[in-house]
Amino acid sequence: RNELPAPGLNLAALSGSCHQCLYQFLAFVPPSNESLRKPGTASVMVDTQHPLTLLLNSSVGDRDLCKIQYHFGEFGNYSLVVKTLSTSTQNVSCDLIINEGPINSYLPILFAFLVYMGILAILIAGRLLMKIDPVRNWVYKKLDPRATDRMINSELGSPNTTDSSNCDPTPQPWSTAPRRRLHSLDTFRGLSLVIMVFVNYGGGKYWFFKHESWNDICPLHFPSALLFRFVFIMGTSIALALGSMLRWGSSKWKVLRKILWRTFVLILLGIIVVNPNYCLGPLSWDNLRIPGVLQRLGFTYLVVAALELLFTRADSGTWEGRFPALQDILPYWPQWIFILVLEAIWLCLTFLLPVPDCPRGYIGPGGIGDFGKYPNCTGGAAGYIDRLLLGEKHMYQHPSSGVTYQSTMPYDPEGILGTINSIVMAFFGLQAGKITLFYKDQHKQIMSRFVIWGIIMGIISAILTKCSKEEGFIPINKNLWSISYVTTTSCFAFILLLLIYYLVDVKKWWSGAPFLYPGMNSILVYIGHQVFANYFPFKWKMQDSQSHAEHLTQNLIATTLWVIISYILYRRRIFWKI
């Protein structure tokens, strides 16, 4: 509300999350009408995700009158009153008045939390009832879970996690005896998948469930870390699966054919089934997105699985070298050389490849970032390589950097260059799998190594980022799949796997439910939630599209349905494997 005489005012804003950005024009506020004593007014809608800095200046002469920093609340109504303090027009005041207070948008989350805690309490009560012999015998007779476990264990071998009476800490060679599946791995995978489904369905339209525009200081930011943890546990599963197949007598050529077939199917499903939106029309190659989540998982699986197949042995035993404590690392030194070479390639391409009209080594968001100097340089070399090899029409058209940084160039977060670091991420997960294999039945050894690896990854991340969001050597960035993001997320993946392993497979305080079930049918749940995302009962028309409560209800119901579906499939012994 402008109570000043002519000329009018220009209102501009700057988001607190926009690093080195230009102020963006919001509105022209006309001058007051002195004859009618009516102030000039203009209405605008502003972002509530981050604090905003509002800048008011004169439309003539570009003189700054006031600057206000404020974090607005959702659905609040505010007035910014500009007036003179005295007869001197040089003394201007800008007062922010709350006309209508913002809503408490977190109440639906609290209510949902209480509902799910109530369901959990009922399940715990049911488990206590299961300790009563007549009840337990009747339920086991009806459900027959042992048959399910026998079938699962025959599909994929794992280190035996049953308590051993052998107190000898010396690592023992692998054996061909049947091994019980590590439920902590399925629980880890299922936890990541369930949250990924919830976030992909909208996350209740809460800002903290959305992707960060560019660099991110919080590696646990939900959508940013989910795919990383999924890639990590895929690497862990590779170590267990390949070892199991070789122990059961499969030749390496047969295993390689299985790896190639699975890679082909994953990539094909990603391009033909997941990427296209068939609600908008039939499949068209003209604007079909080529990269994607399943495509990246498929190619990452191919490289890491082939690398492990090349150097693993079915009869791997105790390392007889000088450093037995490093038996899960030293025998595989060629793998580490390969990974280091890959990372050197990523670093050279990222920081040394010349990109037209962009500074060498630029890894910024483009748009209005960096004071608008490089608007068409989104992602630097990573974006340039994708545009050169894939074409702009075959890339993701609405990157998260477009929201805050207003970048207009297509940029694909699952692009070609970032796949190098997804391979590195899966390799760290592969290392976790080797730890469980080489130190089977030695829970302290396994958990201590998870802690050590977590600390190492954390130290590397601290060095690369200088513990800051924007000022490090290589910032944490999900869009680029930067090496600092890989090490940071790996740090927390090792720690999370440690906790789940301790609760599920060591102490057996937790069965892994309900995350265990989608974790054992991960491909089906992921593809299914993508294909049926726009169909009832996973989505329906809302009465109020701006309501957090309605969005949260819809997204939680849709996610819960997939958990229930995976549980039914688990009980019916249906597991979709590629």
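The values are calculated or read from the model by the stated rules, or taken from the named source; none is laboratory data. All values reported here derive from a predicted model rather than from experimental measurement. Cβ placement follows ideal geometry from the backbone for every residue including glycine, while neighbour counts extend to all protein chains displayed. When the accessible area is computed, the model is the full protein with side chains, heavy atoms only, and any ligands, DNA or RNA have been set aside. Shrake-Rupley method; radii C 1.70, N 1.55, O 1.52, S 1.80 Å.
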Using a probe of 1.4 angstrom, how much of the accessible area of the chain is carbon and sulfur, in percent? 64
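Taking the Cα centre of region 9-100 as origin and charging only Cβ (+1 Lys, Arg; -1 Asp, Glu), how large is the dipole, in debye to the nearest 20?
For this selection, approximately 260 debye.
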Hz values of 3J(HN,Hα) by residue in region 430-438 - Karplus curve (6.51, -1.76, 1.60), Gly and Pro given as x: 4, 5, 4, x, 5, 4, 5, 6, 6
Tell me the angle of helix 145-155 to the major Cα principal axis of the chain, expressed in degrees between 0 and 90 and rounded to the nearest ten. 90
Check which residues have an amide H placed less than 5 Å from residue 26's amide H, if you skip close sequence neighbours. 11, 12, 13
Treating the beta-carbon of each Lys and Arg as +1 and of each Asp and Glu as -1, no other charges, what is the dipole magnitude of region 391-539 about its Cα centre, to the nearest 20 debye? 460
May I ask you to give the solvent-accessible area per residue for the chain, in square angstrom, as obtained with a 1.4 angstrom probe? 50
Projected onto their principal axes, the Cα atoms of region 518-565 stretch, largest extent first, over whole-Å spans of 36, 16, 13
Quotient of Cα Rg and 2.2 N^0.38 Å for region 9-100, N being how many residues it contains: 1.12
Quick one: what does P(r) look like for region 28-75 with 5 Å bins over all Cα pairs, in whole %? 5, 16, 19, 22, 20, 13, 5, 1, 0
List, in the order given, every pair from 434/577; 252/440; 258/440; 440/507; 38/83; 393/478 whose Cα-Cα distance in the structure shown is over 18 Å. 434/577; 252/440; 258/440; 393/478
Based on Cα positions only, what radius of gyration and what Dmax would you give for the chain, in angstroms? 27.8, 96
Counting only GluC sites (Glu not before Pro) that are in a DSSP loop and have at most 14 other C-beta atoms within 10 Å, tell me the longest site-free stretch of the chain. 35-319
With +1 on the Cβ of every Lys and Arg and -1 on the Cβ of every Asp and Glu, the dipole magnitude of the chain about its Cα centre, in debye rounded to the nearest 20, is 2140
Compute the separation of the alpha-carbon centres of region 1-45 and region 419-481 and state it in Å as a whole number. 49
Among 404, 390, 324, the residue whose Cα sits farthest towards the positive end of the charge dipole of region 297-414, when +1 is placed on the Cβ of each Lys and Arg and -1 on the Cβ of each Asp and Glu, is 404
